[in-house]
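What follows is a short report on a single structure.
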Amino acid sequence: MNKKLLMALMLGLGGCASQSEVLEREVGQFDLKLGTAPTRSMAQGLVSPTAASTFRGGLDLTHASGWYVGQWAPSMGILEGNQLELDNYIGYAQQRFDDAPGFELGVIRYSFPELEDWDRHEYYAGVNLAGSRLGGALSSSPGRTDSTLFLELGPVRPFDVGVRLKYASHSMDSPMYHIGGSVEVFNDWSLNLSRPLLGMQLDLSYSDSSLSGPQCGVYSGQNAYCEGFVMFKAERSLF
């Protein structure tokens with residue numbers, strides 16, 4: 001039934017997808033969003049629904065009190081080799097636009113109706129104050145537990161450099177074997193510095209983990225690379 005409803009939603013959104021990926025309406029005290037792209041990120045941007053595939057769709061319903069619920073299907077399971085996935089979430093958020101603190105907490109469930117023992121939950125919370133954000137998440141999936149802490153500071157003076165830190169710990173139920181040994185617990189982290197300059201956006205990032213050498217053969221953390229990696233990027237909008 002869920003799959004049929006989501007397929008109908010996708011057909012309804014198909015006509016507006018070329019102009020806008022999100023359709024928003026006010027329904028009484030509720031704010032309803034329908035879209036072919038995730039409409040929400042949670043825990044101050046730390047947690048987001050799964051990245052989309054070819055056929056996708058979802059909805060997000062927010063009450064004026066701060067409660068919200070939603071469902072996002074990054075894959076409809078229509079194409080061969082793709083599985084139906086449903087990301088369901090519920091949470092409560094009090095966002096502020098002044099120096100008063102805001103906070104958020106909730107849970108998201110990643111569900112795979114066509115596969116057994118693939119479902120997982122992720123619990124999250126976040127606070128924001130005066131331009132700084134702090135988020136934390138705990139994810140439980142078959143065979144492993146992941147916890148992540150995220151900190152983003154506003155422009156830090158005197159150079160107005162934006163600072164973003166992320167640290168994660170990963171624990172396996174069973175050892176992951178590599179040449180020369182095994183790994184059950186590992187950590188990884190990343191640091192990003194950003195600053196606008198002369199019409200460009202400059203970004204310097206560094207990432208690393210507690211694994212190295214042959215251990216990197218079993219790495220499955222948040223970073224694109226297991227060992228220390230530095231990247232510099234400069235972007236400028238032409239229009």
- Within segment 144-152, can one find any residue that is at pLDDT 95 or above and in contact with a His (Cβ under 6 Å, 6 or more places away or on another chain)? yes
- Quick one: in segment 203-215, which of the residues that are open to solvent by less than 50 Å² (accessible area, probe 1.4 Å) and modelled with pLDDT of 95 or more is nearest to residue 182 (Cα to Cα)? 211
- Task: Kindly list the number of the only condition in (1) modelled with pLDDT under 70; (2) open to solvent by 40 Å² or more (accessible area, probe 1.4 Å); (3) in contact with a strand residue (DSSP E or B) (Cβ under 7 Å, 6 or more places away or on another chain) that fails for residue 44.
- Result: (2)
- Over segment 100-134, the set of residues of a type in the set (Phe, Trp, Tyr) and closer than 19 Å to residue 67 by Cβ is 103, 123, 124
- Message: Being open to solvent by less than 50 Å² (accessible area, probe 1.4 Å), touching a strand residue (DSSP E or B) at 6+ places or on another chain (Cβ under 6 Å) and modelled with pLDDT of 90 or more is the requirement here; does residue 85 meet it?
- Response: no
- Scan 8, 73, 64, 17 and give me the residue that is at pLDDT 75 or above and farther than 19 Å from residue 110 by Cβ. 64
- Selected residue (criterion: modelled with the lowest pLDDT) from residues of segment 163-185 that are surrounded by 14 or more Cβ atoms within 10 Å (Cβ to Cβ) and more than 20 Å from the chain's Cα centre (by Cα): 178
- Selection from segment 148-162 of residues that are open to solvent by less than 30 Å² (accessible area, probe 1.4 Å) and over 16 Å from residue 47 (Cβ atoms): 154, 162
- Which is assigned to a loop (DSSP other than H, G, I, E, B) and under 30 Å from residue 86 (Cα atoms), of 187, 223? 223
- Can you spot a residue in segment 186-204 that is more than 19 Å from residue 232 (Cα to Cα) and more than 18 Å from the chain's Cα centre (by Cα)? yes
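The values are calculated or read from the model by the stated rules, or taken from the named source; none is laboratory data. Remember, predicted model here, so these are calculated numbers, not experimental data. A quick note on method: Cβ atoms are made from the backbone with ideal geometry, for glycine too, and the neighbour counts reach across all protein chains shown. Ligands, DNA and RNA are excluded from the accessible area calculation, which covers all protein heavy atoms including side chains. Shrake-Rupley method; radii C 1.70, N 1.55, O 1.52, S 1.80 Å.
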